[in-house]
Amino acid sequence: MRARLLEATVECLVERGFAGTSTTLVSERAGVSRGAQLHHFPTKNDLVVAAVEHLTEKRAAELATAAAALPTGRRRTRAVLQMLGDHFTGPVFTAALELWVAARTDEALMNAVGPLEQRVGRETHRMTVELLGADEAVPGTRELVQATLDLVRGLGLANTITDDARRRGRILDRWADVLDQHLKETA
């Protein structure tokens with residue numbers, strides 16, 4: 001029942017945003033009574049904070065699954081960028097984005113979202129370094145990895161307004177060339 005409530009919360013965040021997500025709507029979508037929902041999550045913030053934790057786990061699992069399927073060889077960098085681009089344009093990112101915006105003006109939500117997002121950011125950075133085979137001891141490498149993550153996050157944000165797949169593909173193609181050149185020079 002708890003998992004159904006959390007999944008329903010994520011779906012509502014994606015479809016209706018933070019402001020349009022209510023505990024009543026989540027209960028209906030999850031197919032549980034309002035009393036059962038209140039037993040597990042007495043307030044909207046309790047529900048959303050639990051959803052933040054659920055999202056964090058779900059995002060990590062999605063990335064790990066995608067990383068395991070990456071090819072080796074000459075097109076690996078582009079495949080890593082595609083994996084990150086897909087992640088940052090998917091529904092889990094959209095739900096997380098809703099929470100970031102709401103947390104900006106809600107201290108309790110910020111206290112839950114902030115540390116989780118920092119942990120996710122560190123883990124995503126570490127995984128990207130590993131997947132690219134990058135050596136962060138080489139000057140400029142850490143900054144390029146962080147620029148990569150900032151780039152795909154920004155492209156994901158742009159995608160919330162309009163489908164930007166063609167432009168995103170061209171940008172990621174070019175960025176893969178930049179990364180490959182740097183990684184080749186520092187190998």
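Values in this text are rule-based calculations from the coordinates and carry no lab data. As the structure is a prediction and not an experimental result, all values here were calculated from the model. So basically every Cβ, Gly included, is an ideal-geometry build from the backbone, and we count neighbours across all protein chains shown.
How much of the pair distance distribution for segment 101-187 lies past 23 Å, counting alpha-carbon pairs only, in percent?
38 percent
When you count, for each residue, the other Cβ atoms within 10 Å and take the mean per peptide, how do 114-126, 49-61, 23-35 rank with the highest first?
49-61, 23-35, 114-126
Sorted from largest to smallest, which semi-axis lengths in Å does the alpha carbon gyration tensor of segment 21-73 give for its equivalent ellipsoid, taking the root of 5 times each eigenvalue?
33, 11, 8
Taking R0 as 45 Å, what FRET efficiency do you get between ASP177 and GLU57 from their Cβ-Cβ distance, rounded to the nearest 0.05?
Between ASP177 and GLU57 the formula returns 0.85.
Set the Förster distance to 25 Å, then compute FRET efficiency between ASN45 and ALA147 from the Cβ-Cβ distance, nearest 0.05.
FRET efficiency, ASN45 to ALA147: 0.15.
Would you mind calculating the gained length between GLU28 and ALA165 on full extension (0.36 nm times residue separation, minus the Cα-Cα distance), in nm to one decimal?
45.9 nm
What's log10 of I(q)/I(0) for the chain at q = 0.08 Å⁻¹, Debye sum over Cα points only, no solvent?
At q = 0.08 Å⁻¹ the computed log10 ratios are -0.30.
Mind pulling the per residue volume of the convex hull built on the Cα atoms of segment 143-187? Å³ is fine.
Once divided by residue count, the hull of segment 143-187 is 48 Å³.
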